Ligand SMILES: C[S@@+](CC[C@H](N)C(=O)[O-])C[C@H]1O[C@@H](n2cnc3c(N)ncnc32)[C@H](O)[C@@H]1O
Ligand SMILES: [Zn+2]
């Protein structure tokens with residue numbers, strides 16, 4: 001099997017997760033370090049760097065599929081536009097973009113679309129999400145990794161790190177970013193999908209202290225440069241509503257039959273997120 005082109009483009013960013021050597025080379029459908037640690041390249045195009053350990057968290061197949069279907073409706077396109085706008089400011093022409101907890105690669109693809117000379121790498125624990133991420137854009141590579149472990153990525157290589165609705169590792173974000181690079185964090189406000197949350201008790205509520213916790217976690221490493229609020233009403237057709245519920249972890253046990261019951265689902269919801277660009281301290 002030949003090396004997927006996007007992976008070839010990003011190969012020099014990677015280091016061996018086991019011995020930290022930076023030279024991984026392709027070898028019979030795998031990547032191998034000089035010491036011989038070997039990581040399979042899935043036929044779907046992503047490389048499995050997370051071997052021998054269980055991920056601490058991640059989306060299962062049903063959640064990743066629901067996310068894929070939902071995002072393909074374009075309902076979150078305004079969020080993607082905001083992220084691409086923030087990422088596109090003051091980056092070099094040949095930028096490197098790292099998307100942590102990339103999911104299906106929807107936002108990474110948007111950013112790469114805006115930056116014709118850039119290359120991207122998405123990290124996630126969910127193999128079903130990575131299958132989509134590896135196909136999301138011709139310059140987007142994808143690798144399995146757990147955000148809570150030291151990234152299999154060399155230091156000071158990224159111009160942009162994206163973290164969109166995903167778990168965070170501020171110390172690692174800081175290590176992999178160039179000094180001039182930017183971290184972009186997207187998270188929901190308390191109003192996000194409030195109409196749906198109100199009617200589907202199994203959906204996670206948004207912790208009011210979330211903003212404070214985010215600030216405390218990032219403050220040792222980053223200063224906020226600019227924050228954009230993206231807020232709009234979104235008409236909700238039933239199939240999208242079902243997917244939105246299905247892509248949230250705590251809703252795993254809500255059945256479609258339950259959701260379809262009576263008028264449980266609202267026909268309109270508010271999308272409300274904050275997107276902040278940070279610079280390294
Ligand atoms: C809410 S989704 C967001 C995905 C994508 N950024 C988006 O907005 O479409 C959270 C993502 O984080 C991933 N994730 C959860 N825990 C993770 C971990 N410990 N390491 C890496 N990824 C993780 C999930 O598999 C999922 O794809
Ligand atoms: Zn090695």
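Numbers for the structure displayed
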| item | result |
| --- | --- |
| Unique match (being touching a residue at least 40 places away in the same chain (Cβ under 8 Å), under 20 Å from residue 131 (Cα atoms) and either surrounded by 22 or more Cβ atoms within 10 Å (Cβ to Cβ) or in contact with a strand residue (DSSP E or B) (Cβ under 9 Å, 6 or more places away or on another chain) (or both)) among 68, 99 | 99 |
| Residues of region 31-55 that turn out to be in contact (Cβ under 8 Å) with a residue 40 or more places away in the chain and within 14 Å of ligand 1 (Cβ to nearest atom), as a count | 6 |
| Flag if residue 49 is in contact with a strand residue (DSSP E or B) (Cβ under 7 Å, 6 or more places away or on another chain) and at pLDDT 95 or above | yes |
| Odd one out for residue 103, checked against (1) in a loop (DSSP other than H, G, I, E, B); (2) closer than 17 Å to residue 162 by Cβ; (3) out of contact with any helix residue (DSSP H, G or I) (no Cβ under 6 Å at 6 or more places or on another chain); (4) within 16 Å of ligand 1 (Cβ to nearest atom) | (3) |
| 2 or more residues away from ligand 2 (no atom under 16 Å from the Cβ): qualifying strands (runs of 3 or more DSSP E) within region 1-100 | 96-100 |
| Test for residue 121: is it more than 9 Å from ligand 1 (Cβ to nearest atom), in a strand (DSSP E or B) and either buried (at least 24 other Cβ atoms within 10 Å of the Cβ) or modelled with pLDDT of 95 or more (or both) | yes |
| Condition broken by residue 138, with the remaining ones in (1) within 12 Å of ligand 1 (Cβ to nearest atom); (2) touching a helix residue (DSSP H, G or I) at 6+ places or on another chain (Cβ under 7 Å); (3) farther than 23 Å from residue 16 by Cα; (4) at pLDDT 95 or above satisfied | (1) |
| Residue 203, sole failed condition from (1) touching a strand residue (DSSP E or B) at 6+ places or on another chain (Cβ under 9 Å); (2) without any contact (Cβ under 8 Å) to a residue 60 or more places away in the chain | (1) |
| Single match in 187, 182 (criterion: assigned to a strand (DSSP E or B) and surrounded by fewer than 19 Cβ atoms within 10 Å (Cβ to Cβ)) | 187 |
| Region 126-146 - residue that is part of a loop (DSSP other than H, G, I, E, B) and in contact (Cβ under 8 Å) with a residue 40 or more places away in the chain and, of those, nearest to ligand 2 (Cβ to nearest atom) | 145 |
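The values are calculated or read from the model by the stated rules, or taken from the named source; none is laboratory data. Here the structure is a predicted model, which is why all the values come from computation and not from measurement. In this analysis, Cβ positions are derived from the backbone assuming ideal geometry, glycine residues included, and neighbour counts consider all displayed protein chains.
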